[in-house]
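A short write-up of the structure that comes next.
The values are calculated or read from the model by the stated rules, or taken from the named source; none is laboratory data. Small disclaimer: the values here were computed from a predicted structure and weren't measured. Cβ: placed from backbone, ideal geometry, glycine included. Neighbour counts: every protein chain shown.
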Amino acid sequence: MSTTYTLDTATSRAHPVPEPVRRLTVPAIAARKVAGQTAEPVVMLTAYTARMAQLLDRHCDMLLVGDSLGQVIYGLDTTVRVTLEMMIAHGAAVVRGSYRAVVVVDLPFGTYEASPEQAFATAARVLRETGAAAVKLEGGEVLAPTVRFLVARGIPVVGHVGLTPQAVNALGGYGARGRSEAEAAKILGDARAIAAAGAFALVVEGVVEPLAREIQGAVACPVIGIGASAACDGQVLVIDDMLGMFERVPRFVRRFDSLAERIDAAAAAYAAAVRSRSFPAEAEIYRPKP
Ligand code: KIV
């Protein structure tokens, strides 16, 4: 009998307690798309911490521990400098905080591109040390043999084509892809190759709408868009972007909250309470037992 553990999410001081919650599976996500159609769109968000995973879990089919954590959490300028150790630490935290969603961990730059064997060693370590169900890797046709190698050895893979941020130095920026016919044809070929190699889902980032539509129709697995229009089988956003943690976001991001402003207001209220000595109040003080 397997046991899933849940936390009392009302407190940061809780111990895990057993609870029988069934996690979604990789085949269940792949099976969402039938004969080119996805009746129930795949809902995916990034998560980097256990607490955020707890909050997002019941709303999401998949949680992505994206290497965007390099910028979002660590203040790095690109994802190129993200390490495997960072991905494993945050991947394990997100698995601990979630009970239902399929957790996918990004393979960071430089840990999988050299050979299928290098990718297998990295992906196996990620799954073993985090408990995640799958890995995601960026790249097109040239990575197809690697995807095939991993899938044949029991490692579920999510592909990522179009705008691939780990290649920012080669691409020269984060602009939308597929505006020229040649570039669109290349990205479509990449998508076909990665899907044919066995990826169970494909993230398509920052491409023009007609190309996203073509990719959705061309591959059997669910296409999860980010900046790739509503033509996709599902959507993913960086959690901090959609919560409104940053002032500037790409055009495709919808901000569902203004968390940065609310944090600013809360921090200001706290600072004022400390300075005026109105915090802590009587109810917030320990007293000796009478
Ligand atoms: O790292 C990440 O967050 C991602 C998403 C943008 C898809 O790859």
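For the subset of the range 230-263 comprising residues that are within 20 Å of R51 (Cβ to Cβ) and among the acidic types (D, E), which member is farthest from the ligand (Cβ to nearest atom)?
Looking at the filtered set, the residue picked out is D257.
Quick grid of which residues meet (1) in contact with a strand residue (DSSP E or B) (Cβ under 9 Å, 6 or more places away or on another chain); (2) among the small types (G, A, S):
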position: A152; (1), (2): no, yes
position: G178; (1), (2): yes, yes
position: D190; (1), (2): yes, no
position: A201; (1), (2): yes, yes
position: Q235; (1), (2): yes, no
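Of these, T111, T79, which one is crowded, with 19+ Cβ neighbours inside 10 Å and farther than 29 Å from L259 by Cα? Even if it seems obvious, please write down each step before you answer.
Details: T79 fails: farther than 29 Å from L259 by Cα.
Criteria check complete, one pass: T111.
Going by the structure shown, is E129 surrounded by fewer than 21 Cβ atoms within 10 Å (Cβ to Cβ) and under 20 Å from A47 (Cβ atoms)?
Judged against the criteria, E129 is a match.
Restricting attention to the range 199-216, does a residue exist that is of a type in the set (A, V, I, L, M) and away from the ligand (no atom under 16 Å from the Cβ)?
The answer is yes; a qualifying residue exists.
Spot the failing condition for V104; the list is (1) of a type in the set (A, V, I, L, M); (2) surrounded by fewer than 18 Cβ atoms within 10 Å (Cβ to Cβ); (3) modelled with pLDDT of 95 or more, and only one is missed.
Result: V104 passes all but (2).
Would you check if Y99 is touching a strand residue (DSSP E or B) at 6+ places or on another chain (Cβ under 8 Å), more than 15 Å from the ligand (Cβ to nearest atom), more than 18 Å from D240 (Cβ to Cβ) and not hydrophobic (A, V, I, L, M, F, W, C)?
yes
Could you list, in sequence order, the residues of the range 38-76 that are away from the ligand (no atom under 12 Å from the Cβ), crowded, with 19+ Cβ neighbours inside 10 Å and of a type in the set (D, E)?
D57, D61
Among (1) of a type in the set (F, W, Y); (2) within 16 Å of the ligand (Cβ to nearest atom); (3) surrounded by 17 or more Cβ atoms within 10 Å (Cβ to Cβ), there is one condition F120 misses while meeting the rest; what is its number?
Of (1) of a type in the set (F, W, Y); (2) within 16 Å of the ligand (Cβ to nearest atom); (3) surrounded by 17 or more Cβ atoms within 10 Å (Cβ to Cβ), only one is false for F120: (2).
Of all residues in the range 1-37 being buried (at least 16 other Cβ atoms within 10 Å of the Cβ) and among the β-branched types (V, I, T), which is modelled with the lowest pLDDT?
Only one residue tops the list, namely T6.
Return the residues of the range 200-229 that are within 16 Å of the chain's Cα centre (by Cα) and under 14 Å from A30 (Cα atoms); say none if nothing qualifies.
Those that are within 16 Å of the chain's Cα centre (by Cα) and under 14 Å from A30 (Cα atoms): F200, A201, L202, V203, P222, V223, I224.
A quick yes/no check of all residues on (1) aliphatic (A, V, I, L, M); (2) under 26 Å from L24 (Cα atoms):
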| site | (1), (2) |
| --- | --- |
| I73 | yes, no |
| G97 | no, yes |
| V102 | yes, yes |
| A121 | yes, yes |
| L127 | yes, yes |
| T130 | no, yes |
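How do the pairs read when you match residues in the range 54-77 that are β-branched (V, I, T) and modelled with pLDDT of 95 or more with residues anywhere that are in a loop (DSSP other than H, G, I, E, B) and within 13 Å of the ligand (Cβ to nearest atom), using Cβ under 8 Å and keeping only pairs 6 or more apart or on different chains?
V65/A47; V65/Y48; V72/Y48; V72/V238; I73/Y48
Please indicate, with yes or no, whether at least one residue in the range 111-123 is of a type in the set (A, V, I, L, M, F, W, C), part of a strand (DSSP E or B) and on the phi < 0 side of the Ramachandran plot.
No, the range 111-123 has no match at all.
Could we say that T83 is among the polar types (S, T, N, Q) and in contact (Cβ under 8 Å) with a residue 60 or more places away in the chain here?
Spelling it out, it is not the case that T83 is among the polar types (S, T, N, Q) and in contact (Cβ under 8 Å) with a residue 60 or more places away in the chain.
Identify all residues within the range 201-215 that are crowded, with 24+ Cβ neighbours inside 10 Å and of a type outside the set (G, A, S); write none if there are none.
The answer is L202, V203, V204, V207, L211, I215.
Listed residues A170, A124; which is modelled with pLDDT of 95 or more and either over 15 Å from the mean Cα position of the chain (by Cα) or under 21 Å from D233 (Cβ atoms) (or both)?
A124
So which residues in the range 136-188 are farther than 22 Å from R251 by Cβ, among the small types (G, A, S) and exposed (fewer than 15 other Cβ atoms within 10 Å of the Cβ)?
Those that are farther than 22 Å from R251 by Cβ, among the small types (G, A, S) and exposed (fewer than 15 other Cβ atoms within 10 Å of the Cβ): A152, G154, A170, A182, A185.
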